[in-house]
Amino acid sequence: MTQPPSNLGRDTSERVPRPVHSPAADEEGVLPNLISCDAEPITRLERIQSFGFLLAMSRSWVVDRVSANLEEMLGIKPATALGTTLDSFADSESLHEIRNRMTGLSATGGVERLYGVSLINGRAPFDIAIHYAGELCVLEGEPAGLDSRTDAASLVRKMVARLSTQTSLDAFHQDAARQVRLLTGFDRIMIYRFLPDGAGQVIAEVLKPGKESFLGLHYPASDIPAQARALYLRNSFRIIADVRSTTIPLQSRGGAPEEPLDLSLAITRAVSTVHIEYLRNMGVAASLSISIVVEGKLWGLIACHHDAAKLPTFVTRTAAELFGQMYSMTLESRLRLIADEQDRRGRDAVARLMKSIAANQALLTDSGWLEVALREMIQCDGAAIIKNGAVSICGATPSGVEIESIAKFMNAFSPSEVFISDNLASLRPPFPPVSGIAAGVLCIPISLAAADYLMLFRREQLQDISWAGAPGKVMAIGDDQRVSPRKSFAAFCESVRGRCRAFTEPDQKVAAEIRAGLIEIFLRGSHENAVEQSLVGGRQELLIAELNHRVRNVLALIRGLISQSQGEAGDSAKYVESLNGRVQALARAHDRVTRQNWGPGPLNAIFDDEIAAYVPTQRNRFIISGPRILLAPQAYSAVALIVHELVTNSSKYGALSDSGRVEVTLSVVPGEGLQFKWRELGGPVVSLPTRRGFGSVIIERVVPFDLQGTARVSYLAAGLEAEFFIPERHIASADDCDLGTLAAASAHTSREAQMDNQPLAGFDVLLLEDNLIVALEAEDLLRSLGAASIVAVSTIAAAVRVRESTSIDFAMLDINLGFENSLEFAASLRASKTPFLFASGYGEQRKTGDSMLIELTVSKPYDREALQSAIALTLARAAT
């Protein structure tokens with residue numbers, strides 16, 4: 001994966017600061033070079049905090065260094081302890097335990113803790129921590145707390161168990177902050193996440209009532225220098241008990257030591273004076289930090305602040321540190337699961353894309369098709385393809401000439417890797433200049449040959465960043481030439497321009513998958529071209545066999561509907577009505593999936609189609625909520641039949657037949673499938689049916705039988721309720737965009753409800769259709785819509801003769817007629833201002849490039865309401 005090289009120029013994103021408070025409050029003088037901050041010896045200050053003491057001993061237990069407060073803590077003068085062995089003044093039993101722990105540390109490293117140790121006979125017990133610093137053994141102690149016997153592991157186990165119940169990442173972080181506050185008692189707990197550029201943001205917060213919130217604020221990268229981050233990674237826990245307390249110096253044998261003691265793992269380590277001043281400027285008197293480490297990297301911090309000096313007990317701090325480690329591990333697991341799911345969806349989407357391109361490589365030169373196909377994988381505002389020197393662009397992209405210039409740059413800089421930039425305007429030569437319509441690009445090489453690329457562009461996205469203080473005034477040089485931290489943390493809003501929304505790591509992985517897939521297709525294509533001709537005949541036979549198989553399946557399904565519908569109909573009219581409705585529902589579903597090249601279909605479109613077909617005026621009483629769902633083709637027709645039965649039943653006997661309403665709730669259970677609930681309210685009182693018709697069988701048995709899911713129907717007095725579960729393998733995708741309430745489709749819907757039931761009254765109609773059975777059905781429908789006479793013909797020549805010899809008021813034309821089509825004849829009707837519409841059994845038959853037409857097309861098999869609506873709209877257009 002390639003990022004723009006540093007020699008392409010610096011970032012020139014336009015930053016427009018907008019202070020929330022007066023910017024004058026942030027004025028602190030000139031900006032220093034902050035290298036000195038990263039060079040400060042923060043782990044070798046030779047001082048500790050006053051709440052504990054420190055002893056450093058050689059491998060032979062000779063005391064080499066002590067803290068100056070040793071007499072206050074242990075009753076032993078520092079000079080007396082230096083140069084002696086630990087056993088000369090320590091309790092023998094305690095010393096035995098300490099030596100055992102140190103022996104284990106020799107192999108594993110880290111820190112060992114002991115609680116309530118009677119280190120000196122006759123004195124109060126201490127909580128102790130021991131670790132190695134080079135060749136020296138470091139022992140730190142502090143007076144034992146009252147909870148020294150508390151089981152920290154058990155306490156943390158309960159905390160982590162509660163944390164694991166949180167279903168979202170936001171709730172997960174917020175609950176972690178809440179539990180740390182309950183454990184430690186600090187006034188403010190923040191979950192602070194590091195961003196890719198080194199800055200940080202508060203993503204969760206729990207604080208004492210009355211305190212100002214920092215939630216959402218950003219902090220510049222220089223607030224936590226590089227060496228401090230490295231230390232947070234090495235030592236995951238840090239306590240500063242009192243920022244105003246005087247620190248305690250270390251004393252050593254023979255005066256000044258040759259090398260300062262490394263206190264990286266020391267609990268009592270003193271703090272940099274710059275950091276102490278930073279905390280004071282923030283109004284913080286005590287702080288506690290727990291590192292959040294994910295996959296070996298510093299992901300963020302649990303930052304705790306208190307308004308007064310505060311030192312939680314040793315056991316409490318141990319529990320907090322252990323909780324932080326468990327929180328990090330759980331977070332890492334959750335993030336990995338999310339990444340794995342994103343990768344899976346990305347691979348599946350790429351596989352579908354590659355399948356389409358492999359079947360028709362001409363699609364690779366259609367930027368419009370690619371832009372739409374890629375949206376579910378990588379969001380973009382425009383796409384460009386350059387292949388074999390030809391450029392195709394769609395949407396918000398630079399010009400074709402600029403696309404060619406980018407391709408030339410890619411050939412020289414990165415001909416075989418994916419290239420990304422979220423700020424094209426900042427790039428300098430050799431990257432070519434581009435127009436401002438696009439702010440960022442993801443460029444994918446799509447063949448082994450140079451100069452073939454797929455480029456995805458994104459527009460500028462204005463970013464408003466709320467900083468804790470002006471980010472440009474991070475440090476200042478004091479009168480003593482000492483680097484001092486900033487003093488103001490007033491909220492400061494900055495607008496960043498010139499950038500697009502950054503391409504994420506999942507975006508880059510999908511791009512790499514696309515590149516690998518396309519190269520495989522091209523390599524396979526080169527090999528298969530030589531074999532293709534010999535397989536043409538066999539392939540035709542396979543296609544005919546597959547077509548025969550699908551037609552037989554469709555005919556078998558329709559035959560089953562005919563047979564089962566006949567058994568529930570009381571008379572022929574009801575039989576035809578129920579059968580027609582079910583066939584129409586199947587036709588609409590089939591039309592949806594064939595438009596997508598037999599790909600997934602939108603579930604909400606099934607509801608929309610059925611409501612439009614049977615109760616178009618009841619849309620405001622039909623409510624659907626939940627994510628947008630795409631169903632796999634094999635499930636689409638099955639669900640369409642179920643929804644058809646539910647809608648027709650409700651419109652005849654249920655809530656939609658009266659003044660009630662229908663509520664549909666969709667929810668996805670991750671890793672399991674789709675929960676689909678139908679609930680009718682406010683309609684007639686419902687009672688258990690005395691007989692079960694075919695419609696009930698469809699509702700109750702299709703999902704368990706065809707889709708291996710579950711179905712439950714309840715005949716409650718308040719209204720019918722049905723609940724279905726569809727396994728995950730039938731769900732192609734689901735996003736978080738809520739469908740809300742299905743509103744009226746357009747003003748046309750209202751006109752449709754009020755239009756004349758016989759729009760063709762008194763009209764002489766020409767019907768052009770090459771299938772006799774379909775023509776007979778169309779004649780019946782046209783007569784029911786008022787046609788005075790109908791002349792049905794099957795060829796263009798016959799249609800021309802009718803038109804020349806007879807007065808025609810309206811025409812309905814099948815588009816495809818065997819080896820000819822009706823487009824030229826339609827043009828002659830338009831010239832004579834004879835209104836007409838098209839009929840087609842191919843769904844979305846016409847392309848936008850066809851000259852024909854603005855005229856409407858009705859789909860086969862015909863639906864009376866849809867045909868009536870199309871005729872009325874056609875006649876209305878002709879009248880204007």
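Restricting attention to segment 403-431 and to residues that are of a type outside the set (A, V, I, L, M, F, W, C) and modelled with pLDDT of 85 or more, the residue that is nearest to T365 (Cα to Cα) turns out to be E404.
Just one of the listed residues (F705, F676, F725) is closer than 27 Å to P600 by Cβ and without any contact (Cβ under 8 Å) to a residue 40 or more places away in the chain, namely F705.
Tell me, please, whether a residue that is more than 45 Å from the chain's Cα centre (by Cα) and over 30 Å from S252 (Cβ atoms) can be found in segment 104-124. Steps first, answer last, please.
To start, the set of residues in segment 104-124 that are more than 45 Å from the chain's Cα centre (by Cα) comprises 104, 106, 114-124.
Among the residues that remain, those that are also over 30 Å from S252 (Cβ atoms) are: none.
For segment 104-124, residues more than 45 Å from the chain's Cα centre (by Cα) and over 30 Å from S252 (Cβ atoms): absent.
Scanning segment 106-128 for any residue that is of a type in the set (K, R), assigned to a helix (DSSP H, G or I) and at pLDDT 85 or above turns up nothing. Just to be sure before I move on: is T316 farther than 22 Å from I189 by Cβ and among the hydroxyl-bearing types (S, T, Y) in the structure I sent? Taking the combined requirement at face value, the residue does not satisfy it.
Within segment 83-105, the set of residues being open to solvent by less than 30 Å² (accessible area, probe 1.4 Å), more than 22 Å from E321 (Cβ to Cβ) and either of a type in the set (K, R) or part of a helix (DSSP H, G or I) (or both) comprises L86, S94, L95. Close contacts from segment 781-803, counting a first residue that is under 10 Å from L768 (Cα atoms) and a second that is among the small types (G, A, S) and in a helix (DSSP H, G or I), with Cβ to Cβ under 6 Å and a gap of 6+ residues or different chains, come to A792/A775; V793/A799.
For L785, state whether it is surrounded by 15 or more Cβ atoms within 10 Å (Cβ to Cβ), at pLDDT 90 or above and not hydroxyl-bearing (S, T, Y). Can you show your working first?
Values: surrounded by 15 or more Cβ atoms within 10 Å (Cβ to Cβ): yes; at pLDDT 90 or above: yes; not hydroxyl-bearing (S, T, Y): yes.
Criteria met by L785.
Note on segment 683-737: residues that are on the phi > 0 side of the Ramachandran plot and open to solvent by 50 Å² or more (accessible area, probe 1.4 Å) amount to 1.
Would you confirm whether or not segment 642-662 contains a residue that is part of a strand (DSSP E or B) and either among the hydrophobic types (A, V, I, L, M, F, W, C) or surrounded by fewer than 24 Cβ atoms within 10 Å (Cβ to Cβ) (or both)? Yes, segment 642-662 contains at least one residue that is part of a strand (DSSP E or B) and either among the hydrophobic types (A, V, I, L, M, F, W, C) or surrounded by fewer than 24 Cβ atoms within 10 Å (Cβ to Cβ) (or both).
Just one of the listed residues (L331, L337, L311) is touching a Phe, Trp or Tyr at 6+ places or on another chain (Cβ under 9 Å) and open to solvent by 60 Å² or more (accessible area, probe 1.4 Å), namely L311. Annotation: L298 fulfils all but one of (1) within 26 Å of the chain's Cα centre (by Cα); (2) part of a helix (DSSP H, G or I); the unmet one is (2).
Restricting segment 870-880 to residues that are more than 16 Å from D780 (Cα to Cα), at pLDDT 80 or above and not basic (K, R), the residue that is farthest from the chain's Cα centre (by Cα) is A879.
Consider segment 344-380 and keep the residues that are closer than 21 Å to K509 by Cβ and either among the hydroxyl-bearing types (S, T, Y) or in contact with a Cys (Cβ under 6 Å, 6 or more places away or on another chain) (or both). The one that is surrounded by the fewest Cβ atoms within 10 Å (Cβ to Cβ) is S356.
Name the residue that is farthest from Q49 (Cα to Cα), counting only residues in segment 72-82 that are over 60 Å from the mean Cα position of the chain (by Cα) and open to solvent by 40 Å² or more (accessible area, probe 1.4 Å). Step by step, filter segment 72-82, then rank; the result is T80. Checking each residue in segment 585-612 for being modelled with pLDDT of 70 or more and of a type outside the set (D, E, K, R) picks out P600, G601, P602, L603, N604, A605, I606, F607, I611, A612. T316 satisfies every condition listed in (1) in contact with a helix residue (DSSP H, G or I) (Cβ under 6 Å, 6 or more places away or on another chain); (2) closer than 29 Å to L182 by Cα; (3) open to solvent by less than 30 Å² (accessible area, probe 1.4 Å) except (1).
Yes/no matrix, rows are residues, columns are (1) open to solvent by 10 Å² or more (accessible area, probe 1.4 Å); (2) in contact (Cβ under 8 Å) with a residue 40 or more places away in the chain:
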site	(1), (2)
A412	yes, no
F431	no, yes
A438	no, yes
I444	no, yes
S447	yes, yes
L454	no, yes
Q461	yes, yes
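The values are calculated or read from the model by the stated rules, or taken from the named source; none is laboratory data. The structure displayed is predicted, hence computed values, not measured ones. As a convention, Cβ positions derive from the backbone with ideal geometry for all residues, glycine included, and neighbour counts pool all protein chains shown. Areas reflect the complete protein model, heavy atoms only, side chains present, ligands, DNA and RNA absent. Shrake-Rupley method; radii C 1.70, N 1.55, O 1.52, S 1.80 Å.
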